[in-house]
Each structure stands twice: as structure tokens, then as C-alpha cells.
Amino acid sequence: MAPRRGILIILSSPSGAGKSTLAKSLRDWDDSIAFSVSATTRAPRPGELDGREYYFRTRAEFLGMVDAGEMLEHAEVFGNLYGSPKAPVETAIAAGNDVLFDIDWQGGQQIRQSSLGQDVVSVFVLPPSIADLERRLRGRGQDSDEVIAGRMQKSRSEISHWAEYDYVLVNRDVDVAAAQLQTILGAERLRRTRQPGLGEFVRALNSEFEDRT
Ligand code: ADP
Ligand code: 5GP
């Protein structure tokens, strides 16, 4: 059967709601899912590796990539530039592999409006409460008080984009939310339009009918 085109799974949420945790669990569930490693001008956090969490670039290098048309989308978030390199995504989906994006609403909107828009499944992750969101940001222990305050302030505007997404998850219990994400992807893979070999398969069933008469 012909391979289906890969799906672009876009995960967005206010910072700290659990996107990275859910992204990791989805890839642990199915390691054929590629992760779109973004480029960013922000400084690496302790433990982050260039080329694994992000491609850490200077502003000039980043803008050079934009000018060369190498970005599928890009946006400024919390004063830093972030963008998704286009080439690895095109290669993966043409080969039938799904690609997961951890990007903000601006990036989600740009990809939905791009030529790859029909391949997008978008999921917005909400925290159970704003108090939980703040606790999670603090508990992650990777940002200063000032950075956390900035992220909390931005949360309201990020959350205001929830209705632009195909699916919305409330990340109360991480195992429940992870299972819900698997359900979404499992169902989206079964869409008739994502099974290119179905016509051929049903023709074979019909010829079996004919052989019986
Ligand atoms: P994001 O990628 O959206 O910024 P993270 O995945 O880094 O968020 O999660 C922020 C923090 O919250 C992490 O320390 C993570 O372990 C924790 N976390 C994620 N989901 C849950 C949950 N359902 N309950 C409690 N803590 C969670
Ligand atoms: P962080 O600095 O916490 O890793 O990410 C901050 C925000 O930037 C998160 O909301 C994350 O989803 C978003 N982000 C990360 N990579 C990209 C990207 O390539 N494009 C866009 N538009 N947003 C991104």
C-alpha cells in the first residue's frame, strides 16, 4: 500500500502547562514520530544541547535563515526569536513520518496557513488552574523569578488562542493527558483521507466478490 503523508502535530500551550512533557511521552509511545527541533536566539538552559532541544543561534544567524527561506514559520516569543526549519519537516512527511512541533500560537497559525496546512493536527494544552501553572513553572526550576513572572504574564494571551486548535486537552494528570494525545493521533492516522491505499484495497475486495460468482 502507498505510504500516507505524515501528519504535522502541533502542540501549543502557555509556558509550563506541560507541552514538552507530553511531547516526550508521545515519542516514547511511538519512536517513529520525528520532533521538529526549532532554532532559537534564547540562551540554552542547563542541560539543553545544541541540535537536541534547539539549534541555538545568534540573532544574525537566525535572520539569515529566515531570509534564505529556510523557516516554515518563525515568531518572537518572550523577546527571543524561535522558528521551525522547513527542510527536515518536508523530508519526514513525504516519507510518511509524523512530525511533532512544540511551538506557540503564532507558529501554529503560520503552519496552518502554509501549503502544509492540510497535514496539520493541532492540540492546545491547558493547565488545570493558573495556580498550578505557576507551581509547574517554579517546580521546573529552570527560570529566574523575573523570567517566570514574564511567562505568567504572557499566559493569558497564549490561552486566548485555544479555540483556533483542533483539540484541547486539560493537563491535570499527565498520564491521562498523554493517553488522550495518543488517542488523537491514533484516530487522525485512520482518517479516510490519510489512507491513500484504501481505493486499491477495496478494489481487491470487490474482485474477490467477483471471483466468487
Ligand atoms: P511546557 O513545555 O509547556 O513549558 P513542561 O512540560 O516543561 O511545560 O512542564 C512544566 C513542569 O510541569 C515540568 O516540571 C513538568 O514535569 C511538570 N508537569 C507537566 N505535566 C504535569 C502534570 N500533569 N502534573 C504535574 N506536573 C506536571
Ligand atoms: P521555551 O523558551 O520555554 O523553550 O519556549 C518558549 C515558547 O516558544 C514556547 O511556547 C514554545 O512552544 C515556543 N516555541 C518553541 N519553538 C518554537 C518555534 O520554532 N516557533 C514558534 N513559533 N514558537 C516556538
Rounded Å value of the spacing that divides the Cα centres of the range 1-25 and the range 79-131
8 Å
Which loop-located chymotrypsin sites (Phe, Trp or Tyr not before Pro) does the range 150-213 contain, where loop means any DSSP state but H, G, I, E or B and the Cβ has at most 13 other Cβ atoms within 10 Å?
none
Estimated inter-spin distance, residue 174 and residue 61, nm [label 7 Å along Cα→Cβ]
3.0 nm
Net charge dipole size for the chain [Lys, Arg +1 and Asp, Glu -1 on Cβ; Debye, nearest 20]:
260 debye
Can you tell me how the chain classifies by the Cα gyration tensor, rounded, prolate or oblate, using a/c under 1.5 as the rounded cut?
prolate
Run the numbers on the chain and let me know its relative contact order in percent, using alpha-carbon pairs under 8 Å that are six or more apart.
32 percent
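Give the longest segment of the chain that steers clear of trypsin sites (Lys or Arg not before Pro) in DSSP loops with at most 12 neighbouring Cβ atoms within 10 Å, not counting the sites themselves.
53-190
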Enter the accessible area of residue 56 (Å², nearest 10), with the probe set to 1.4 Å and all protein chains included.
40 Å²
Compute the distance in nm between two label points, each set 7 Å from the Cα along the Cα-to-Cβ direction, one at residue 205 and one at residue 153.
5.8 nm
Could you work out the longest stretch of the chain that avoids the GluC sites (Glu not before Pro) located in DSSP loops with at most 16 other Cβ atoms within 10 Å?
71-213
Relative contact order of the range 91-194, pairs being alpha-carbon contacts under 8 Å that are 6 or more residues apart, as %:
30 percent
Tally Lys and Arg at +1 and Asp and Glu at -1 over the other residues with C-beta under 12 Å from the C-beta of residue 112: what net charge comes out?
-4
Roll a 1.4 angstrom probe over the protein heavy atoms and tell me the percent of accessible area of the chain that is carbon or sulfur.
52 percent
Fully extended, how many nm does the chain gain between residue 140 and residue 52 (0.36 nm per residue separation, minus their Cα-Cα distance)?
29.8 nm
What distance in nm separates the simple spin-label points at residue 42 and residue 190, each placed 7 Å from Cα in the Cβ direction?
3.7 nm
Hey, for a label at residue 198 modelled as a point 7 Å past Cα toward Cβ, could you say which residues of the range 80-102 have their backbone N under 19 Å away?
96-98
Probe 1.4 Å, accessible area per residue of the range 76-194, Å²:
52 Å²
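The values are calculated or read from the model by the stated rules, or taken from the named source; none is laboratory data. Source: prediction; values computed, not measured. In this analysis, Cβ positions are derived from the backbone assuming ideal geometry, glycine residues included, and neighbour counts consider all displayed protein chains. Side chains are part of the model used for accessible areas, which takes the heavy atoms of the whole protein and leaves out ligands, DNA and RNA. Shrake-Rupley method; radii C 1.70, N 1.55, O 1.52, S 1.80 Å.
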